[in-house]
Amino acid sequence: MKAFAILLSVVVVLAAAGAGAGLYALHYYGRGLPDYQQLADYEPPTMTRIHAGDGRLLAEYAIEQRVFVPIRAMPRRLINAFLAAEDKNFFRHPGVDALSVLRALVSNIANIGTGRRLKGASTITQQVAKNFLLTGEVSIERKVKEAILAFRIERAFSKQRILELYLNEIYLGMGSYGVAAAALNYFNKSLDALTVAETAFLAALPKAPNNYHPVRNPKAAVARRDWVIGRMRDEGHIPAGEAWKAMEEPIVLRTRDPTEFVRADHFTEEVRRRLIRTYGEEALYGGGLSVRTTVDPRLQAFAEQALRDGLVAYDRRHGWRGPLARIAPGIGWAERLAAVEAPPGAGDWRLAVVQGFDAAAAYIGLGDGSPGVVPVEELTWARKWRKGQRIGPKVKHPSDVVSPGDVVLVEALADEAPAEGAAAAYALRQIPDVNGALVALDPHTSRVLAMAGGYSFAISEFNRATQAMRQPGSAFKPIVYLAALDGGFTPASIVDDAPIVIDQGPHLPKWKPANYTTRFYGRVPLRVGIERSRNLMTVRIARAMGIERVAEYAERLGVVDELPRLLPMALGAGETTLIRLTAAYAAIVNGGKRIEPALIERIQDRHGSTIYRRDTRDCADCLAGYWNHQPLPFIPDTSERVLGEGTAYQMVSMLQGVIQRGTGRRIADLGRPLAGKTGTTNDNKDTWFIGFSPDLVAGVFIGFDRPRRLGYKETGSRVAAPVFKRFMAAALAGEPVTPFRIPRGVRLVRIDADTGLLPGRTTERVILEAFKPGTEPASSVRAREAAAEGVY
């Protein structure tokens, strides 16, 4: 009896000591643990998707390839598979499975000295604690902290929430975070399409994904999968027959279907930069945003093709800059050619090596070993490039262009295969060293419908539509003439196109502007100054209005933030971007309302809530649940008016004249109502064309990234206008012909195109001119007298 009492005392003391030690351990290791309450608001990093205006995908941004799936949307069989493999007592334990811990303890004691890795017996809750709140180190201290956090997590969250966190966070190999991403990456399936065998394989991966890779370690992968299938059978989740059938299936990986992307690289990169600027990198790469943009894939394709064609056409006019590389053309040429890397931006063009030539053609070999021929007709453009964008003598023989061993780019001349034994025909190609941009807007909604920021995003990510600050030259002139139209001038007002000398102030030379042609044309109507891009008339008008007034119009229309108050600014000496100048022209065609170009239509967060909307106008009636012949909703127009409707239309009419009779007349054969203005800077360094139809405005800029001369007669009308023409021809094909809208109050009067007066017996050309009420000429005699007194 005495011995029993002593034994009982010892047990009590040991129990008390153990309890005390346990309490001390809980206190010691429980201090400074991460706040598990943060899991309540935890949202795993998920992919942000950028969509085009029609819903098609532009880009995906993510650090971890994860697809978040709520627990309620996960198949029950999938959940059961992970429970059977990882934590069969999940719904019964309080965070730590005591029986599993005891089994692991016995096993670890038995394995002492064997070098085997310690077993942890971690529950799913403990794995959540480790993955979200702790490090992955293997130590007793970490296991104790893990257990403490597991108890706390179980008290704070439901089992369903813990499972949801686990199944969406766990890494399962092949870059897959979460079960949904793993199902796509391994089997190209959604969760509900997985077979029993595939589900079991995914559940086999959490312990060590790399150890069970089905290609590198197929036997281990099958064994582990079959073990999980057996656990599912033993737990009653699947019948035995289904289990045996699943074990017989091989593990077959299926390549994930490639995601179809719309190509709009410079546009998409501009959207990405704006998202980072507004929401930060964390939101972009892990916030699960859904971004609907404004780009129209159809117009985007037209824009990129038109710009590329225009840049190539310019480049071909200025000759051949030589081969990409040189290799020995003899035996083994195919291997040597394969070692040459294709330049970025080559696209569908292929590398080839010149093997010989005769008077009719150059003979080439391609990377696949096949022969080809480049007819001499496809070499005639390749006159030798010379400094100053000049070219050498005409090509008379292929040897004037290429030599054996030259590595060049070529493009197939026909899609169909050549006749048996015949070599396919190719054309010599060259990546342009000039660059440019094209942007297209909806002038009524401000949506950016297309944006080509350069020849190739692979060559340069620099966006020349939004980032290049360049002088617009004569494309700025409509701003000056808008100020004049609001300052008492009409399109028929007479302005003297004669020499002018400007005193620029003390210690500065006199400024003597000149027309591009260096000629003077005397007294002509104001409209002619725009149509023929007359510098002297523009300077006179700007001086009459005052450069302060011109600058106010430039700033009001958003061309620049602040224009220097210097008279040369009237000729486009101030720098701006293509997208800003194009938006200013949009305000002309839309009747005088300023627009801010919008690239993003709507942004939704991961829960589907809209966090940004381009159009913020209220429209309660737009939310009607059904149509019952009620009146159409009224949506107020909140756009800022920066021009009077009459002034805006007068400028539209004058810019129509540019295409009908002036510097843009090469566009006239499209046979549609179009208007626009060319622009060329000093020494032909920058060329522009900004123009519009009634419902589409487009701007083109072409120039070297490091400004230098484009060459003799390479003006906006020759370089940029053809790109605008190509784009508009494609964009408007099949669309109804719509005339420009004439606002109320504007009167169209037949006048003499040369004098601005009412037609008389000597009139040779008559045009319809737009006048605001009370400004139209009353008679030819009175108008002539008024004109004689009002020459500027």
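The values are calculated or read from the model by the stated rules, or taken from the named source; none is laboratory data. Remember, predicted model here, so these are calculated numbers, not experimental data. When we count neighbours, we look across all protein chains shown, and the Cβ atoms used for this are built from the backbone with ideal geometry, even at glycine. All accessible areas refer to the heavy atoms of the entire protein, side chains included, with ligands and DNA or RNA removed. Shrake-Rupley method; radii C 1.70, N 1.55, O 1.52, S 1.80 Å.
Data for the structure
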read-out	value
Degrees between helix 535-545 axis and first principal axis of the chain (Cα, 0 to 90, nearest 10)	80 degrees
Percent of Cα-Cα distances greater than 16 Å, calculated over segment 335-380	44 percent
Under-5 Å amide H pairs with ASN188, H placed in peptide plane, nonlocal only	ARG254
Projected label distance in nm at VAL749 and ARG606, using a 7 Å step from Cα toward the beta-carbon	6.7 nm
Rg/Rg_ref, segment 714-763, where Rg_ref = 2.2 N^0.38 Å and atoms are Cα	1.81
Distance in nm between pseudo-label sites at GLU562 and ASP615 (7 Å out along the Cβ direction from Cα)	3.7 nm
Formal net charge of residues neighbouring ALA197 (Cβ-Cβ distance under 14 Å; K, R +1; D, E -1)	+3
DSSP-loop trypsin sites (Lys or Arg not before Pro) across segment 342-406, with at most 13 other Cβ within 10 angstrom	LYS387, LYS394, LYS396
Whole-number percent relative contact order across segment 434-523, with pairs defined as alpha carbons under 8 Å at least 6 apart	16 percent
Exposure of SER533 as accessible area (Å², to 10), given a probe of 1.4 Å and all protein chains	20 Å²
Length gained when the stretch PHE704-GLU555 is fully extended (0.36 nm per residue, less Cα-Cα span)	51.0 nm
Size of segment 596-646 as Cα extents on the principal axes (Å, biggest first)	45, 34, 13
Accessible-area composition of the chain, carbon plus sulfur, in percent [1.4 Å probe]	53 percent
Cα long-axis angle, helix 218-234 against the chain (0 to 90 degrees, to the nearest 10)	60 degrees
log₁₀ of I(q)/I(0) at q = 0.17, 0.27 Å⁻¹ - segment 620-691, Debye sum with one point per alpha carbon	-0.77, -1.16
19 Å reach of a label modelled at PHE634, 7 Å along Cα-to-Cβ, counting backbone N of segment 730-771	none
222 nm mean residue ellipticity, helices alone, for the chain (DSSP H n ≥ 4; -39,500 (n - 2.57); rounded to 500)	-10500 deg cm²/dmol
Per-selection Kirkwood Rh - segment 309-434 (Cα, Å, 1 d.p.)	14.8 Å
Solvent-accessible surface (1.4 angstrom probe) belonging to SER190, in square angstrom, nearest 10	60 Å²
Diffusion coefficient, µm² s⁻¹, Stokes-Einstein with Kirkwood Rh over alpha-carbon pairs of segment 174-289 at 25 °C and 0.890 mPa s	148 µm²/s
Convex hull of segment 146-210 built on C-alpha atoms - directionally averaged projected area, nm²	5.0 nm²
Highest-first arrangement of 230-236, 719-725, 195-201, where packing means the average Cβ count within 10 Å	719-725, 195-201, 230-236
Local electrostatic count, ASP497, Cβ distance below 13 Å [Lys/Arg +1, Asp/Glu -1]	+3
Pairwise FRET efficiency - TRP244 versus ARG277, Cβ, R0 = 56 Å, nearest 0.05	0.45
Subset of LYS477/LYS713; LYS512/LYS677; LYS130/LYS245 violating a 32 Å alpha-carbon distance limit	LYS130/LYS245
Dimensions in Å of the chain - Rg and Dmax from alpha carbons	37.2, 144
Sequence ranges 586-595, 242-251, 488-497, 454-463, ranked by mean other-Cβ count within 10 angstrom, highest first	586-595, 488-497, 454-463, 242-251
C-alpha long axis of helix 578-589 to longest principal axis of the chain, angle in °	60 degrees
DSSP-defined beta bridges in segment 650-792 - what % are antiparallel, rounded to 5	100 percent
Simple spin-label estimate for ALA668 and THR517 in nanometres, 7 Å along Cα-Cβ	1.5 nm
Among 673-685, 563-575, the order from most to least packed when residues are scored by Cβ within 10 Å on average	673-685, 563-575
FRET efficiency, GLU735 to ALA208 (Cβ-Cβ, R0 56 Å, nearest 0.05)	0.40
Relative contact order of the chain, defined on C-alpha pairs under 8 angstrom at six or more residues apart (%)	11 percent
Overall form of segment 613-768 per C-alpha gyration tensor (a/c, 1.5; a/b vs b/c)	oblate
Residues with amide H under 5 Å from that of ALA598, placed H, sequence gap 5 or more	ARG447, VAL448
Gain upon complete extension [ARG161, VAL501; 0.36 nm per residue less C-alpha separation]	114.4 nm
Relative contact order (percent, whole number), segment 284-417, Cα cutoff 8 Å, 6+ residue spacing	29 percent
In segment 445-520, trypsin sites (Lys or Arg not before Pro) in a DSSP loop with at most 12 other beta-carbon atoms within 10 Å	LYS510, ARG519
Residue-by-residue Karplus 3J(HN,Hα) for segment 759-764, coefficients 6.51, -1.76, 1.60, Hz, glycine and proline x	x, x, 5, 8, 5, 9
Per residue, the convex hull volume that the Cα atoms of segment 439-558 enclose (Å³)	165 Å³
